[in-house]
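Okay, so here's the structure we're looking at.
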Amino acid sequence: MMKSLIVDDEINVRDVIRFLGQWEKHGITNILEASNGQEAKTIIEKEEPEIIFTDIKMPGTSGMEMIEWLDSISYPGKVIFITGYNDYSFMRKAIKYSSFDYLLKPIEEEPFNHVLSEAVESWKQDEAVRCTKEGEDVQKLRIDQTLTAACMGEDFSYELIESSLPLAEQYEMTLLSFYHMHQPDSYMEALSKQLIQQALGRVFKLHHDHNLYLVLTICDEWLTAEEWMSKQLDIPVRLVSEKVISSLHEIPKAFQHLQAALETHRYRTIHKLNDLDAARRIKDIVSYVDTYYMEELSLERLSNLFFFSREHISRKFKQESGISLSKYVTKLRINQAKHWLRQSEESIYSISLMLGYKDEKYFSKLFKKEVGQTPFDYRNEMNPQIASR
């Protein structure tokens, strides 16, 4: 069942189109009408017609403005212009915004139905491609989720992972880690496609951490993947490889081994940063700390996120901000504590917890060291009404 929309400010034109069209022959069971572009937009949003016939010049929103809107929302339907103006400038703009075809008034039956037939077939072909792509995306998501569950030690479908890989007695597992502000998906999809086509393995996106990917290749073929990354990647990646498994049931233990190696900096790197990228990344680290200062921010965590050693981050952070990381975080937390003490009725215990301090006494001692007063005395001075409650 398909729908078609006829948009024209002249009712007699809409009547002619409705009469001439061989609708049922092409599976169109619902014919909608609109007298202007704005009315058409409302119908399109509600009914989602597959085929749209529209006049170019109409009062209010024109057909050209409407197709610009359709193009901006990537509308999948087919648009055919109907116009009495044999003006190529209109047609050039229509082509730019992906109209399917155009017809000149007065409309004749044979050319109209020819265009209708071609538009319907084109839409069906596009829809088949969309459905295939959606099906592939859903299947890929299921496989990646299953592999993630396996890595986390949860129950997983052995058969689903096995069906996604070339048959082999052993596989090499490689863990890839990307800088969190980069976008590696397109690279990893291309690598996975290459490995699948050559029946060498597959790339899996780990859903518990968007920076991590796991690559499974048949033995002695990891080098093919690494050579591809060396040539195609223009962003740095850390990798831990050469963990061989004889059964997919070994995935959880093997992943733990690779992750431990990554966290203890036993990795190799492809594509190191240049000086400009490195300078930008230090600014990213400061910005990250400004945002997440109430969370645990160890040098170890920042090292894993930003692809620098702990020593490098410590040294460069002090150069950038003027003080050490720990003092910088303390300053941000104390400033936030002062704001809450002045403006809110949160207890001192709650404030200490929200700032990441589990020990209220430690927080109070730190606050007094930085401010010269205990949190209670500070609140009593700044807002005695809250302190007395």
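The values are calculated or read from the model by the stated rules, or taken from the named source; none is laboratory data. Bear in mind the structure is a predicted one, so any value in this text is a computation, not a measurement. Because the Cβ atoms are built from the backbone with ideal geometry, glycine has one as well, and the counts that use them run over all protein chains shown.
One table, with the values for the structure above:
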read-out: GLU227, sole failed condition from (1) modelled with pLDDT of 85 or more; (2) farther than 23 Å from HIS182 by Cα; (3) not hydrophobic (A, V, I, L, M, F, W, C); value: (2)
read-out: Check on VAL129, over 28 Å from VAL244 (Cβ atoms), part of a helix (DSSP H, G or I) and touching a helix residue (DSSP H, G or I) at 6+ places or on another chain (Cβ under 6 Å); value: no
read-out: Subset of the range 160-178 (residues that are part of a loop (DSSP other than H, G, I, E, B) and either polar (S, T, N, Q) or crowded, with 20+ Cβ neighbours inside 10 Å (or both)); value: SER164, LEU165, GLN170
read-out: Within the range 185-227, tally of residues that are of a type in the set (Gly, Ala, Ser) and in a helix (DSSP H, G or I); value: 4
read-out: Members of the range 329-377 that are surrounded by 15 or more Cβ atoms within 10 Å (Cβ to Cβ), among the charged types (D, E, K, R) and closer than 21 Å to LEU297 by Cα; value: ARG333, LYS338, GLU360, GLU370
read-out: Which numbered condition LEU233 misses (of (1) loosely packed, with under 15 Cβ neighbours inside 10 Å; (2) within 27 Å of LEU305 (Cβ to Cβ)); value: (1)
read-out: Number of the condition not met by HIS339 [criteria: (1) touching a strand residue (DSSP E or B) at 6+ places or on another chain (Cβ under 7 Å); (2) within 24 Å of LYS358 (Cβ to Cβ)]; value: (1)
read-out: LEU141 vs. criteria in contact with a strand residue (DSSP E or B) (Cβ under 6 Å, 6 or more places away or on another chain), in a helix (DSSP H, G or I) and either polar (S, T, N, Q) or at pLDDT 85 or above (or both); value: no
read-out: Check on LEU147, of a type outside the set (Gly, Ala, Ser), within 25 Å of ASN12 (Cβ to Cβ) and either modelled with pLDDT under 90 or assigned to a helix (DSSP H, G or I) (or both); value: no
read-out: Answer residue from the range 165-207, given it is more than 15 Å from the chain's Cα centre (by Cα) and acidic (Asp, Glu) and is nearest to LYS140 (Cα to Cα) among those; value: GLU172
read-out: Neighbours by Cβ (under 6 Å, 6+ apart or cross-chain): first from the range 191-216, free of Cβ contacts under 8 Å to residues at least 60 places away in the same chain and within 13 Å of LEU167 (Cα to Cα); second assigned to a loop (DSSP other than H, G, I, E, B) and acidic (Asp, Glu); value: LEU200/GLU221
read-out: Checking LEU116 against (1) over 25 Å from ILE31 (Cα atoms); (2) outside the structural domain of LEU262 (by TED's automatic domain parsing); (3) surrounded by 15 or more Cβ atoms within 10 Å (Cβ to Cβ); (4) modelled with pLDDT of 85 or more, the condition it does not meet; value: (1)
read-out: Complete set of residues in the range 193-224 that are modelled with pLDDT of 90 or more, at positive phi and surrounded by fewer than 17 Cβ atoms within 10 Å (Cβ to Cβ); value: ALA199
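Conditions (1) touching a Pro at 6+ places or on another chain (Cβ under 8 Å); (2) at pLDDT 90 or above; (3) of a type outside the set (Ser, Thr, Tyr); (4) not assigned by TED's automatic domain parsing to the domain that holds PRO236, marked per residue:
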{"position": "ARG301", "(1), (2), (3), (4)": "no, no, yes, yes"}
{"position": "PHE306", "(1), (2), (3), (4)": "no, no, yes, yes"}
{"position": "SER309", "(1), (2), (3), (4)": "no, no, no, yes"}
{"position": "ILE313", "(1), (2), (3), (4)": "no, no, yes, yes"}
{"position": "PHE317", "(1), (2), (3), (4)": "no, no, yes, yes"}
{"position": "VAL329", "(1), (2), (3), (4)": "no, yes, yes, yes"}
{"position": "ILE334", "(1), (2), (3), (4)": "no, yes, yes, yes"}
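Yes or no, residue by residue, for (1) surrounded by fewer than 16 Cβ atoms within 10 Å (Cβ to Cβ); (2) in contact with a Phe, Trp or Tyr (Cβ under 9 Å, 6 or more places away or on another chain); (3) part of a loop (DSSP other than H, G, I, E, B); (4) at pLDDT below 85:
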{"residue": "LEU273", "(1), (2), (3), (4)": "no, yes, yes, yes"}
{"residue": "ALA279", "(1), (2), (3), (4)": "yes, no, no, yes"}
{"residue": "LYS283", "(1), (2), (3), (4)": "yes, no, no, yes"}
{"residue": "SER287", "(1), (2), (3), (4)": "yes, no, no, no"}
{"residue": "THR291", "(1), (2), (3), (4)": "yes, no, no, no"}
